[in-house]
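Accompanying notes for the structure given below.
Just so it is clear, none of the values below were taken in a lab; they were calculated from the coordinates. Everything quoted here is computed from the prediction, not taken from an experiment. Because the Cβ atoms are built from the backbone with ideal geometry, glycine has one as well, and the counts that use them run over all protein chains shown.
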């Protein structure tokens, strides 16, 4: 046990102290922060270029009040349109808006004209169109003397919510997924699945390279004369696993800090651009009440984090242990170059890729047969169970999956150790599958 | 005298061949013991069994009177034939790591390593990376890694392979020094001439089986062929009796003459003197281990 700890410590410290590790660990969140900052900066810059719009309204049905917006200033002018065309830029306006006829009440469509030095972006155009159309609508309502409350009562917004089958609706209210939370879950699900996929490849192949290095360097026999092969392999896997957890932990902490800093630098108002305005309008249409930002935040925090986070860490470690022990076994069979590894790496890569392409099937039908099978089968579950977690799978399924996972970890580490102890002493011989299976039954 | 290591009928099978076949021998405490055999004879398989890297299929092994168990690796210093170090690690870190795996406390490890570095006058290497060292320098570190935990038994598998003459001598001197301190050393090699210089006792194995065992000098006497080397002035005595003697080798400087069975060297000497040949030197030639080995294997 003590020797395992010494090995683990070396495997961990030599990696963590490497310049490349420190750089990647610190620069990745900084890079993400920088991208967020640049994106935020441009977004806020775009928002701050307020459009000053001068309106020549022959019909006199528009007014500043129902056109107003945070980033568009509407001013009305009585001058002749030809005079305005010449002078609006000099007077400090960006856009000249011209409505030449009074729309009659039956009219479904009117044409307006704008004059601008620059071509207007589609979102800006759409935004102006929506505002004018709303103003005309309210003018029509006034003209036809329709009862406003009657009109409003005609409008029914349909919001499809996730129904709950059980009788104890009230108790499970917290887990009810609204449409926004479905979007959040999907993004989160994909994100976690992808993270697992990356972790398996990056850290799994790190274990494999390390095993190969020891074998090719010929230090392995020196070490094995002091410790058991199993201790060396396990120490290596656990050490690299801790490196992965360290990196992930630092990333999460740094990203939260950086995002908070970047976020505080850009106030929500400064982020209001034609684009975000539209997106927020849409979110607001879906959730009648409250402000959109608050809504996303609310749904995000409403997720069952007490289930998601610990389970994610368990599956993270489980997936890492299973795959890295397989990678360790492969590494031990290789005596000189990576090319040899290909034939054995394929069967490991295939399940990872299958699991990865199954992610969409999981969030399309989080409780369907594919999702349930995928989140139980131990070679898939480390990727697919985290992908299911945001959709609040039944707790017993999560627990069962974890049990299967733990049993599989033990099995795969045993399997890998059997191959490893023979493989590390085999030189100059290409290993076949048949031979590999024989190794499993060699006596110690 | 007590034995540091005893093997009784040790057998190890790999799936298609017998690597070690009923091998028994004893290594005296404080001796330098040669484990000899051609490539593929089973030397490394035997060593891996002694170092507990693999287990024997049957047979018994005793280290210092105790049945071989998992506490023993820390009492053995093993320098494998295929050896290496972590290239990116510093000398100090590396030795500290290996010493702790042998069960030394960090403080104990540090003081042992420092005294070895002082002995080789390389204390300033502590913070050097292995990859910055030449091959010979790396071998010194490898040697320190083998002996730093003060093992009862040292096993050196082809210790001079890849070493230049200077470093070979340096390691040889260290082996002799450790021998003087009373350490037991097993020296495994297929290069027979190295054995004659260093070893007291040997065991010779071929194809997994023990061929010969015993004190080096005794073995040589046992296998001697009554060949005498004669240097002389004067005419070659071509007419000496072919029934009694046989000229094995004839060149300008000397003759090698074999005295056939039933006769002795005095008869040869008398014959030469009778012919008035001026003898400058006269000496019995003992067979080299290499010759003995080839003979044994051919039989």
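Once the Cα atoms are used to define both axes, helix B:135-147 deviates from the longest principal axis of chain B by about 80 degrees. Separation of region B:143-171 and region B:34-111, taken as the distance between their Cα centroids, equals 13 angstrom. Of all DSSP-defined beta bridges confined to the protein assembly as shown, some 60% are antiparallel rather than parallel. Stretching the chain fully between residue A:156 and residue A:137 yields a gain of 5.1 nm (0.36 nm per residue, less the alpha carbon separation). This ranking places A:150, B:35, A:99 by how few other beta-carbon atoms lie within 10 Å of each, fewest first, which gives A:150, A:99, B:35. Quick check for you: which residues of region A:89-116 have the amide N under 16 Å from the point 7 Å beyond the Cα of residue A:76 toward its beta carbon? Zone members listed by number: A:97-103.
Across peptide B:202-215, the average count of Cβ atoms from other chains found within 10 Å of a residue's Cβ is 0. When B:58, A:116 are sorted by how many other C-beta atoms sit within 10 angstrom of their C-beta, beginning with the fewest, the order is B:58, A:116. Extending 7 Å from the Cα toward the beta-carbon at both residue A:34 and residue A:126 defines two label points whose distance is 3.2 nm.
Entry note, the protein assembly as shown: the mean residue ellipticity at 222 nm calculated from DSSP H runs of n ≥ 4, each adding -39500 (n - 2.57), is -17000 deg cm²/dmol after division by the residues and rounding to the nearest 500.
With R₀ fixed at 41 Å, the C-beta to C-beta distance from residue A:110 to residue A:302 puts the FRET efficiency at about 0.40. If the chain linking residue A:245 and residue A:414 were pulled fully straight, counting 0.36 nm for each residue of separation and taking away their Cα-Cα distance, it would gain 58.5 nm.
Residues A:87, B:31, arranged from fewest to most other Cβ atoms within 10 angstrom of their Cβ, appear as A:87, B:31. Using the average count of surrounding beta-carbon atoms within 10 Å as a protection proxy, the listed peptides A:383-391, A:316-324, A:34-42 rank, highest first, as A:383-391, A:316-324, A:34-42.
For the residues of B:66-79, the average number of beta carbons from a partner chain within 10 Å of their own beta carbon is 1.
Taking region B:179-194 and a reference point 7 angstrom along Cα→Cβ of residue B:290, the backbone N atoms nearer than 17 Å belong to B:189-194.
Averaged over the residues of peptide A:209-222, the number of Cβ atoms from other protein chains lying within 10 Å of each residue's Cβ is 5. For residue A:98 and residue A:259, a Förster radius of 45 Å and the Cβ-Cβ distance give a FRET efficiency of 0.50, rounded to the nearest 0.05. Report the FRET efficiency, 1/(1 + (r/R0)^6), for residue A:187 and residue A:117, where r is their Cβ-Cβ distance and R0 is 41 Å, rounded to 0.05. The value I calculate is 0.55.
Sorted on the mean count of surrounding Cβ atoms within 10 Å across their residues, most packed first, peptides A:14-22, A:220-228, A:398-406 read A:220-228, A:398-406, A:14-22.
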